[in-house]
Amino acid sequence: MTPDQYCQDKAAKSGSSFYYSFLFLPAMQKQAIIALYAFCREVDDVVDECSDPGLASNKLEWWRSEINNLFSGNPNHPVTQALKTSIENYNLPQEYFIEIIDGMAMDLEQFTYASFKDLSLYCYRVASVVGLMAAEIFGYEDRQTLKYAHNLGMAFQLTNILRDVAEDAARGRIYIPQDELQKFKVSQEDILNHQMTDNARQLMAFQAQRANEYYQKAFDLLPESDRYSQRCGIIMSAIYQATLKEIENDNFRVLDQRISLTPVRKLWIAWSTARQEKKRRRKQ
């Protein structure tokens, strides 16, 4: 199995919404974004699948060393071997890869966040940085596109937090800010015990509203000149916003069940969004 095949397999098996947006990219961009996504999956799996925090921390340290190897030209892992081509073709700074690892490391040390300001650093590291790197791969003319990518990353992570609130609670993690729990009179125990009260529904609706505001902010910042080159992010957004809509239609019962779209629906949204963006470009 080649490094690229390893990354492709890692991305395909994840079933992530991101994978469906990659299908419509040119070969070189597709190779780069799949390698980047595979890297994110590798370091995320270290935290989620390793029950021993000490061992997980050591594994993340190994990945920090491996990123140094990558930028020294001697990568060992299939993912970093695939990324070698990416860093040669695109502006993907070493510190961005370290930021992502630092974000994953936060999950080993921090299980709650006092306020949204505190949570924002985590979201930046694990999502906005990925968005900034993706924007470099997709290409842009206007640097304002980087502000779009930052905000879109925030929107994606906030959607993930809402969608996965029960799953995260099972791991003892609560990403919803503590001051907002207090504001809506929802206790940590309510979240950890999956108590879907009226107050909890209002709290989850508030989280969805914030995510939607970040989607709006992102697209308000996206220059028309870069819209088609950034269509992969637009496809991802369509899938994620459809997930948010399903959560809303289910009355925000995210503590009862995890809302997700079927692969067929994700593929349909990806195809139809790509088609719409192609038509929009022709009209310009």
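The values are calculated or read from the model by the stated rules, or taken from the named source; none is laboratory data. Predicted model, so just to flag it, every value in this text is computed and none were measured. Don't worry about glycine lacking a Cβ; one is built from the backbone with ideal geometry, like all the others, and counts go over all protein chains shown.
In table form, for the structure just shown:
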read-out	value
Which listed residue, of S65, S21, S57, is assigned to a helix (DSSP H, G or I), buried (at least 20 other Cβ atoms within 10 Å of the Cβ) and outside the structural domain of G172 (by TED's automatic domain parsing)	S21
Candidates I234, I176 - the one that is within 18 Å of the chain's Cα centre (by Cα), at negative phi and not in a helix (DSSP H, G or I)	I176
Residue, surrounded by the most Cβ atoms within 10 Å (Cβ to Cβ), within the stretch 24-54, restricted to residues that are within 13 Å of the chain's Cα centre (by Cα) and not aliphatic (A, V, I, L, M)	F39
Positions within the stretch 70-85 being crowded, with 16+ Cβ neighbours inside 10 Å and within 25 Å of D107 (Cβ to Cβ), in sequence order	L70, F71, P75, H77, P78, V79, T80, A82, L83
Test result for K266, buried (at least 17 other Cβ atoms within 10 Å of the Cβ), at pLDDT below 95 and under 30 Å from I137 (Cβ atoms)	yes
Residue list for the stretch 98-145, filter: assigned to a loop (DSSP other than H, G, I, E, B) and crowded, with 22+ Cβ neighbours inside 10 Å	Y113
Residues being under 18 Å from the mean Cα position of the chain (by Cα), part of a helix (DSSP H, G or I) and surrounded by fewer than 21 Cβ atoms within 10 Å (Cβ to Cβ) - total across the stretch 9-18	3
Single unsatisfied condition, E167 versus (1) surrounded by fewer than 21 Cβ atoms within 10 Å (Cβ to Cβ); (2) assigned to a loop (DSSP other than H, G, I, E, B)	(2)
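To keep it simple, each residue is scored yes or no on (1) surrounded by fewer than 16 Cβ atoms within 10 Å (Cβ to Cβ); (2) in the same structural domain as I161 (by TED's automatic domain parsing); (3) assigned to a loop (DSSP other than H, G, I, E, B).
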position: L181; (1), (2), (3): no, yes, no
position: D190; (1), (2), (3): no, yes, no
position: Q202; (1), (2), (3): yes, yes, no
position: Q216; (1), (2), (3): yes, yes, no
position: Y240; (1), (2), (3): no, yes, no
position: T243; (1), (2), (3): no, yes, no
position: D256; (1), (2), (3): yes, yes, yes
position: Q276; (1), (2), (3): yes, yes, no
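Residues checked against (1) farther than 16 Å from K84 by Cβ; (2) without any contact (Cβ under 8 Å) to a residue 40 or more places away in the chain; (3) of a type in the set (K, R):
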{"residue": "P3", "(1), (2), (3)": "no, no, no"}
{"residue": "A12", "(1), (2), (3)": "yes, yes, no"}
{"residue": "S21", "(1), (2), (3)": "yes, no, no"}
{"residue": "A32", "(1), (2), (3)": "no, no, no"}
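Table: residues versus (1) of a type in the set (K, R); (2) under 20 Å from the mean Cα position of the chain (by Cα); (3) within 20 Å of G233 (Cα to Cα).
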residue: P75; (1), (2), (3): no, no, no
residue: P78; (1), (2), (3): no, no, no
residue: N89; (1), (2), (3): no, no, yes
residue: Q94; (1), (2), (3): no, yes, no
residue: Q110; (1), (2), (3): no, yes, no
residue: I137; (1), (2), (3): no, yes, yes
residue: A149; (1), (2), (3): no, yes, yes
residue: G153; (1), (2), (3): no, yes, yes
